[in-house]
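To keep things clear, I will list the structure first and then write my remarks on it.
The values are calculated or read from the model by the stated rules, or taken from the named source; none is laboratory data. The structure displayed is predicted, hence computed values, not measured ones. Cβ coordinates were reconstructed from backbone atoms using ideal geometry, including for glycine residues, and neighbour counts include every protein chain displayed.
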């Protein structure tokens with residue numbers, strides 16, 4: 001999941017070198033944290049959060065095969 005979020009985020013932002021993705025895994029949950037530059041927050045979140053919602057939907061669909069719950073957090 002980390003690689004998926006990283007590829008999506010780097011293709012959206014102006015400063016792809018500042019994209020950092022970390023993941024913390026527990027028994028059934030996986031928390032993916034996306035850190036981007038301050039200037040790129042709007043591009044990752046999108047109008048009314050539509051891009052962030054789309055990223056979460058794609059990751060959720062990819063994780064459904066593994067029977068895991070994935071939470072994507074976007075930080076600056």
List the number of the failed condition for residue 39; all other conditions in (1) surrounded by fewer than 18 Cβ atoms within 10 Å (Cβ to Cβ); (2) touching a strand residue (DSSP E or B) at 6+ places or on another chain (Cβ under 6 Å); (3) modelled with pLDDT under 95 hold.
(2)
In the stretch 10-18, is there at least one residue being surrounded by 13 or more Cβ atoms within 10 Å (Cβ to Cβ) and under 9 Å from the mean Cα position of the chain (by Cα)?
no
Taking the stretch 25-34 as the search range and keeping residues that are within 13 Å of the chain's Cα centre (by Cα) and over 16 Å from residue 11 (Cβ atoms), which one is surrounded by the most Cβ atoms within 10 Å (Cβ to Cβ)?
32
Exactly one of these conditions fails for residue 1: (1) at pLDDT below 95; (2) more than 10 Å from the chain's Cα centre (by Cα). Give me its number.
(2)
